[in-house]
Amino acid sequence: MVKSDIDFLEAPLEKITRAFFGFQLRKLKVDVPRTINKKIAELQSKIAELQSKIAEQKRKLEACKKFKGTSRKPNFMNECLNEAARLEWKYASGV
């Protein structure tokens, strides 16, 4: 007897359920790929920016190496560091 009391709801609930699943399928077909493609584009942009920064740092490193190679006195830095180590913790009057 209860079944006959709610039979009138069966058809509308089936229509609502089908409509809901239709919206969910649309999200899978349209919205989700669009969101993923947008995220991919953002990440590719960040990658390009980081690659540019890497290239800039590599140029700076090469300039540093080039400058180091042009020194007339290649041991100058070591001499300065040795002198600094020798003078470390001494008073100016004791130098």
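Bear in mind that the values in this text are calculations on the coordinates, not laboratory data. Owing to the predicted nature of the structure, the values given are computational and were not obtained by experimental measurement. Here Cβ is always computed from backbone atoms with ideal geometry, including for glycine, and neighbour counts include all displayed protein chains.
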> Based on the alpha-carbon gyration tensor of the stretch 48-95 and its eigenvalue square roots a ≥ b ≥ c, which shape applies: rounded if a/c is under 1.5, prolate if not and a/b is larger than b/c, or oblate?
Replying inline: oblate
> For the chain, with equal point scatterers placed on the C-alpha atoms only and solvent neglected, what are the log10 I(q)/I(0) values from the Debye formula at q = 0.11 1/Å, to two decimals?
Replying inline: -0.74
> What ³J(HN,Hα) values, in whole Hz, does the Karplus curve 6.51 cos²θ - 1.76 cosθ + 1.60 give for the stretch 11-18 when θ = phi - 60°, with x put for Gly and Pro?
Replying inline: 5, x, 5, 5, 5, 5, 4, 4
>> Going Cα to Cα from residue 39, which lysines come in below 19 Å? Please leave out same-chain ones fewer than 8 positions away.
In response: 27, 29
> In degrees between 0 and 90, to the nearest 10, how far off the longest principal axis of the chain does helix 32-69 point, with axes built from Cα atoms?
Replying inline: 10
>> Using only Cα atoms and rounding to the nearest 10 degrees, what angle (0 to 90) does helix 76-87 make with the longest principal axis of the chain?
In response: 80
> How about the chain: which chymotrypsin sites (Phe, Trp or Tyr not before Pro) there are in a DSSP loop, with at most 15 other Cβ atoms within 10 Å of their Cβ?
Replying inline: 89, 91
